[in-house]
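*Asks:* There's a structure below that I have some questions on.
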Amino acid sequence: MKQLLLGRNGKPVLEEYQEMPLQAGYVRVVSDYGAPKHGTELHGYEKDPFAKVYYDENTHIFRPREKELVYDGTSGLGNMWVGRITEIGQGVEGLETGQRVAGYGNLKNTHTVKAEDVLVMPESMTWKEAVCYDPLQFALGGMRDGHVRLGDKVLISGLGAIGLMAAQAAKAAGASLVVVTDPIEKRRQAALDNGADMAFDPTKEDFGLILRDKTNGIGMDVVIETSGNYKAVEQGIRALAYGGNFAMVGWLGECHIPINLGYEGHFNQCHFYFSRACSEPNNDYPRWSFDRICREAWDMLCKGMFSCENIVDPVVDFETCDESYLHYIVENPQESVKMGVAFKNQ
């Protein structure tokens, strides 16, 4: 059995592992499909943002580590998996062998997890819908922080899986105009195919000015920024209406380029939210907790409310997923949206 790790050489590698005896309260699952989380994993792949600091839960600030973390060939790559239960530990109730479930974990042949941590999939649910569970959580968080309402004009900046789910969520919430931006044509087309009204390449078009003209000078009511790109933040504020809401969902790294927040930033007087669905308490706590966001996201996916077929693309074989990870996610992101992985038992 193998699993995908970030190796000591700084590249993805498939490594052998052995299963331990199944403990009480756990189930074992054989993997059918899986998917990594491109943006978050690339932070660690290229430069771990937590290598030199750690988050202090008591003071809510980042503090320096006494010793910098170094990758030792044990860091797993991958975000979610879909599979079938093959073994059930003592004391587990409500689950049965052969049942289709999903959960969190790196890309590997099997997963041994606590029974309460698996997500039971209805018969109608596709595996691509299941692995879009995580991005939908953060899209939903951005939607709520941005206060998207019926009739709003919404701009989604960045079209990874989170942005593509957010675009569909904005339509479902009753937005009268959903505009998307991303430099990758494949992703813009996926958004249009899933219901977005307009798409722009931010490297070629001044969409802030264009959208002002198309909205009679008003601009967009809400911007949900998912790329974590500073120029995208600048352009998003340029497109935003006076007093509009800006939800910063993407993880911003260090800023190494000049950006201009002066003109539109001061004159538009926008409301800026750093949105992270899993940070508690969020803006609507206690009515809305991260647990509720998760439950609502899974329920919507179970009901088939989102189109995920063209979001999980391409789908590669597990046996060569180390090479595919390097190709599609690290070196040629323009060729992928959200890479899916199929295991040989499929």
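The values are calculated or read from the model by the stated rules, or taken from the named source; none is laboratory data. Source: prediction; values computed, not measured. Counting neighbours? That spans all protein chains shown, and the Cβs are built from the backbone with ideal geometry, glycine included. These area figures cover heavy atoms from the full protein model, side chains too; ligands, DNA and RNA do not enter into them. Shrake-Rupley method; radii C 1.70, N 1.55, O 1.52, S 1.80 Å.
*Asks:* Of the beta bridges DSSP finds with both residues in the chain, what % are antiparallel, to the nearest 5? Write out the running numbers ahead of the final one.
*Replies:* Details: 35 of 60 bridges.
Taking every DSSP beta bridge with both residues in the chain, the antiparallel ones total about 60 percent.
*Asks:* Shape of the chain from its Cα gyration tensor (a ≥ b ≥ c, root eigenvalues): rounded if a/c is under 1.5, otherwise prolate when a/b > b/c, or oblate? Provide the component values of the computation, followed by the final result.
*Replies:* Working: a/c = 1.75, a/b = 1.57, b/c = 1.12.
It comes out prolate by the Cα gyration axes.
*Asks:* If you don't mind, there's one more thing I want to ask. Can you tell me the dipole magnitude for the chain around its Cα centre, using point charges on the Cβ only (Lys, Arg +1; Asp, Glu -1), in Debye to the nearest 20?
*Replies:* Working: 34 positive and 48 negative charges, 96 e Å.
Magnitude of the dipole: close to 460 debye.
*Asks:* Can you return the lysines within cross-link range of K344? Criterion is Cα-Cα under 16 Å, with same-chain partners fewer than 8 residues away left out.
*Replies:* Straight-line reach from K344, under 16 Å: K2, K108.
*Asks:* Right, another one. Order the peptides 119-126, 156-163, 331-338, 239-246 from the highest to the lowest mean number of other Cβ atoms within 10 Å of their residues. Numbers along the way, then the final one.
*Replies:* On the way: 119-126: 14.0, 156-163: 29.0, 331-338: 17.2, 239-246: 21.5.
Going by the mean number of other Cβ atoms within 10 Å, highest first, we get 156-163, 239-246, 331-338, 119-126.
*Asks:* I need to check one value: relative contact order of the chain, counting alpha carbon pairs closer than 8 Å and at least 6 residues apart, in percent. Don't jump to the answer; show the numbers that get you there.
*Replies:* Details: 726 pairs, mean separation 60.0, N = 346.
Rounded, it is 17 percent for the chain.
*Asks:* Now a separate question. Is the stretch 140-257 rounded, prolate or oblate when judged by the Cα gyration tensor, a ≥ b ≥ c being the square roots of its eigenvalues, rounded requiring a/c under 1.5 and prolate requiring a/b larger than b/c?
*Replies:* Values: a/c = 1.20, a/b = 1.12, b/c = 1.07.
In terms of gyration-tensor shape, rounded.
*Asks:* Over the stretch 253-346, what is the relative contact order in percent, taking alpha-carbon pairs closer than 8 angstrom and at least six residues apart? Could you put the intermediate results ahead of the total?
*Replies:* Working: 56 pairs, mean separation 19.0, N = 94.
Contact order relative to length: 20 percent.
*Asks:* Another question, if that's okay. In what sequence, largest accessible area first, do Y328, Y263, Y285 appear using a 1.4 Å probe?
*Replies:* On the way: Y328 55, Y263 155, Y285 120 Å².
From most exposed to least exposed: Y263, Y285, Y328.
*Asks:* Round to a whole angstrom and tell me the spacing of the C-alpha centers of the stretch 87-109 and the stretch 179-245.
*Replies:* After rounding, the separation between the Cα centres reads 41 Å.
*Asks:* Work through the residues other than K344 whose Cβ is under 12 Å from its Cβ and net out their charges, Lys, Arg +1 and Asp, Glu -1.
*Replies:* Working: positive: K2; negative: D32, D317, E319.
With Lys, Arg at +1 and Asp, Glu at -1, the neighbours total -2.
*Asks:* Determine the per residue accessible area of the stretch 1-45 with all protein chains present and a 1.4 angstrom probe, expressed in square angstrom. Working shown, then result.
*Replies:* On the way: 2250 Å² over 45 residues.
Ligands and nucleic acids excluded, the result is 50 Å² per residue.
*Asks:* Heavy atoms only, probe 1.4 Å: what % of the accessible area of the stretch 217-317 goes to carbon and sulfur, would you let me know?
*Replies:* Of the solvent-accessible surface of the stretch 217-317, carbon and sulfur hold 53 percent.
*Asks:* Which net charge results when you count Lys and Arg as +1 and Asp and Glu as -1 among the other residues whose beta-carbon is under 15 Å from that of R84? Walk me through the intermediate numbers first.
*Replies:* Numbers: positive: R28, R100, K108, K344; negative: D32, E87, E96, E123.
After counting each charged neighbour, the total is 0.
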